[in-house]
Structures are given as structure tokens and as C-alpha cells.
1. Can you go through 309, 274, 328 and tell me which one is hydrophobic (A, V, I, L, M, F, W, C) and within 18 Å of the chain's Cα centre (by Cα)?
2. For segment 181-206, which positions are among the polar types (S, T, N, Q) and either within 18 Å of residue 293 (Cα to Cα) or surrounded by 24 or more Cβ atoms within 10 Å (Cβ to Cβ) (or both)?
3. Can you work out which of the residues in segment 169-189 that are over 17 Å from the mean Cα position of the chain (by Cα) and of a type outside the set (Lys, Arg) is nearest to residue 327 (Cα to Cα)?
4. In segment 93-104, which residues are at pLDDT 95 or above and not hydrophobic (A, V, I, L, M, F, W, C)?
5. Hey, can you tell me all the residues within segment 347-359 that are surrounded by fewer than 18 Cβ atoms within 10 Å (Cβ to Cβ) and either not in a helix (DSSP H, G or I) or not hydroxyl-bearing (Ser, Thr, Tyr) (or both)?
6. Can you report the number of residues in segment 60-82 which are in contact with a strand residue (DSSP E or B) (Cβ under 9 Å, 6 or more places away or on another chain) and either without any contact (Cβ under 8 Å) to a residue 24 or more places away in the chain or charged (D, E, K, R) (or both)?
7. Consider segment 57-90. How many of its residues are surrounded by fewer than 21 Cβ atoms within 10 Å (Cβ to Cβ), aliphatic (A, V, I, L, M) and under 17 Å from the mean Cα position of the chain (by Cα)?
8. Quick one: in segment 276-296, which of the residues that are of a type in the set (Gly, Ala, Ser) and surrounded by fewer than 16 Cβ atoms within 10 Å (Cβ to Cβ) is nearest to residue 29 (Cα to Cα)?
Amino acid sequence: MSSCVALPNVDRWPSWARWNETPAHQYTLGVEEEVMLVSAADHAFSPSSDAVLRRLPDEITEQMSPETHASVIELRTGIHRVAAGACAELAQLRACLAAELASMDLLAVSAGTHPLAGEGETATSSGPRYQFVADTMGVLARREPTSALHVHVGVPCPHDAIRALNGLRGAIPVLIALSANSPFCQGRDSGFASARTVIFQGFPRTGTARAFVDYAEYVKAIDVLIDCGALPDPSFLWWDVRLQPALGTVEVRVMDAQTTVADSAPLIALVQCLTRLALEDEVPWSHMGVEVLAENRFLAARDGLDARLIDPATLALIPVRDLIDDLLARCRPHAERLGCEHELEAVSRLADRNGAQLQRAWAATTGQPDVVATLAERFAAR
């Protein structure tokens with residue numbers, strides 16, 4: 001249940017902190033996914049995002065944009081009430097991009113990391129934001145690209161947004177385990193189900209944000225960084241879950257990019273349900289310490305669906321699939337209210353075999369070099 005209250009001294013807050021309260025409905029969805037561009041000839045990274053974006057049809061140019069690395073493009077849906085609508089648009093964007101790339105002898109691949117990319121610096125995008133990232137992050141901005149799935153959930157009240165941020169923290173390890181889709185790094189098995197999680201953690205201001213008492217405390221904490229010039233704006237906070245005041249959303253950013261839209265759909269629905277659960281019900285991990293949350297996050301990134309995580313109820317290690325089953329049971333009533341029952345039930349399919357397990361199975365069957373080809377074949381699959 002929403003507990004939005006009038007916040008004091010709003011007119012004195014910095015401009016970046018003014019919360020966008022215009023979303024007409026709570027729990028609306030917007031989805032972003034980072035897609036890798038590769039050569040059709042040898043499946044190597046192709047630093048061609050600028051050229052690709054220039055060729056896109058006018059009707060989709062606003063829904064695709066560059067990312068830090070020149071071999072990555074971000075796809076961005078509009079605002080949707082239900083997960084099915086967001087997924088349908090995402091599928092359409094993938095199909096449009098794949099068709100355009102075919103004429104350029106390029107392919108699109110969606111996974112947390114490129115299975116074959118070797119060591120060495122990669123080109124960064126030419127946009128001002130990404131040049132700033134390159135200038136201030138040094139070698140961190142020039143390591144191999146990683147790709148993520150980001151889900152925005154509309155929360156018109158900043159006080160509720162903080163409650164959602166706090167409530168989602170404990171679900172992060174489960175989301176990592178389900179979405180793990182990056183077992184290979186620099187041409188070999190990384191030993192992690194989600195190598196992207198640990199690679200991206202090299203950036204500053206990543207990982208799980210601390211809990212905040214309220215939005216006023218959040219603004220005070222972050223404005224120190226922005227007011228002194230250390231950060232240009234709050235979008236340079238790369239936490240697993242972060243607030244987007246200008247959009248009026250809570251953004252879950254911790255998940256690996258998924259091979260197909262069919263794999264993204266259950267994760268999108270789960271994030272929407274978890275946000276509603278955090279605001280209108282009770283989350284089971286509200287009293288877990290930061291050390292436990294951090295350890296669960298690492299175990300999930302390393303072991304994926306084979307992970308044993310610390311149970312918030314017993315504080316003993318239990319299979320992550322048990323935690324997934326518990327979360328599904330808690331989320332089903334919320335899925336009924338949100339209209340995403342079908343997508344949420346597909347979480348069980350993803351829990352049987354996620355992207356990391358599929359990639360390892362493909363590599364064992366046909367060899368690791370063929371994994372990129374398989375990912376590309378499935379990119380625009382319905």
C-alpha cells in the first residue's frame with residue numbers, strides 16, 4: 001500500500017532530485033537491453049554503433065541509442081502497463097535491428113558477455129557522455145563490453161520509491177541466479193554463471209545500495225557527490241537497483257542481457273511483481289545484514305541456479321531454487337493484479353535452465369566458437 005507523504009522543503013531540493021510524479025499509473029514498465037554488435041564473417045566485436053544508428057528508420061531512432069562501448073547498442077521500449085506489451089515491443093525492436101544489420105554484414109547478440117572476445121582494449125562511443133566515461137574511468141571503460149537487461153518500474157511517489165529500493169535489495173541474488181547468461185569471458189569458461197556481474201563491479205558506485213530511511217536522506221547523501229562535482233548527475237550511480245528521479249522510476253539493472261525476448265519476459269514480470277510486493281506486502285529479507293546480502297550476491301553470480309544462498313528465515317544455506325519457489329508463491333497474487341500471470345509462471349522454466357547453462361551445453365556439443373552463432377540465430381526469435 002502506498003504511504004506517500006508530503007516531503008518537507010521540496011522547493012529547496014536540487015533540481016536533479018525533483019521527482020517526476022507524472023506517471024498516470026503505479027507499476028508501469030519500461031525496458032532497456034544492451035545488445036552487442038558482431039561481424040557476420042568472424043563474430044568479432046564490431047565498433048559500428050554510430051554507423052548503425054545513422055541508418056535506422058526514423059520511427060525507431062528514438063528507441064535505440066549508443067552505449068559506452070562502440071560495439072553495443074541499447075534498445076529502449078516505451079511505457080507499458082503490462083509485461084506482455086513491453087515484451088512485444090522489445091521483440092519488434094529486435095526484429096527491426098536484425099533486419100538493418102543484415103544489410104551491413106553485421107549480427108546482433110544478446111548475452112551478458114561475448115563468449116569469444118579476447119583481451120585488449122575496445123573502442124568507446126563518440127557521444128559526450130561516453131567520452132566522459134572513457135576519460136574518467138581509464139582502462140575500466142576500455143575493457144570488454146558487458147550487456148545487461150534493465151527494467152524500470154513507475155513509482156510516482158519518491159517516498160514509495162525509497163521503500164521499493166530498500167525492499168528489492170534482498171531479491172538481487174535471486175535475480176542474478178535466474179538471469180545469469182555470461183559463463184564465458186575472454187574466450188574461456190570464467191567459472192562464473194554471470195561473469196558480467198563481477199566484471200561490471202570494477203566500475204565505482206556499483207553493487208547493492210545501502211538502505212535509506214527516506215527520500216530526504218537519499219537526496220542528502222547523493223547531493224554531496226553531485227554538488228562537489230564528483231558526479232555529473234545521479235545516472236552515474238550504477239547500482240544493482242537505483243532511482244531515476246527524472247523518470248519517476250525504480251530501475252533494476254542487475255540482470256544479464258537475455259538471449260531471447262522469451263527469456264526476458266519472466267524476469268520483467270518478476271521485477272514488476274517484486275516492486276509491488278515490496279510496497280504492498282512484506283518482503284522476507286527486510287532484516288538481512290549487508291554482509292549476508294553481499295555474500296548471496298557473490299554466490300549467485302558464481303554458481304547461478306546451482307547456488308546455495310543464505311535463507312533469510314533460517315540463516316542457513318539453502319538451494320536458490322527453494323528461494324525462487326518461495327518468491328513465486330509470494331508474487332502470484334501481485335501478478336494477478338498486474339496482469340502478468342503468464343509471464344511470471346515462465347520463471348519456473350528459466351529456473352530449470354538459464355542462459356549460462358544453455359551456453360555451456362551448446363559449447364559442449366558443438367564447440368565454444370559456435371556459441372556466438374547460436375546466440376545470433378536466436379536474437380530475433382519469437
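1. Residue meeting the stated conditions: 274.
2. Looking only at segment 181-206, we keep the residues that are among the polar types (S, T, N, Q), and these are 181-182, 186, 190, 194, 197, 201, 206.
181, 182, 194, 197, 201, 206 - these are the residues of segment 181-206 that are among the polar types (S, T, N, Q) and either within 18 Å of residue 293 (Cα to Cα) or surrounded by 24 or more Cβ atoms within 10 Å (Cβ to Cβ) (or both).
3. Per the stated criteria, the residue is 184.
4. 94, the sole residue that qualifies.
5. Those that are surrounded by fewer than 18 Cβ atoms within 10 Å (Cβ to Cβ) and either not in a helix (DSSP H, G or I) or not hydroxyl-bearing (Ser, Thr, Tyr) (or both): 349, 352, 353, 357.
6. So the answer is 6.
7. 2
8. First, the residues of segment 276-296 that are of a type in the set (Gly, Ala, Ser): 278, 286, 289, 294.
From what is left, the residues that are surrounded by fewer than 16 Cβ atoms within 10 Å (Cβ to Cβ) are 286, 289, 294.
Values: 286: 24, 289: 30, 294: 27 Å.
The extreme case among them is 286.
The values are calculated or read from the model by the stated rules, or taken from the named source; none is laboratory data. Fair warning: this is a prediction, and the values are worked out from it, not measured in the lab. A quick note on method: Cβ atoms are made from the backbone with ideal geometry, for glycine too, and the neighbour counts reach across all protein chains shown.
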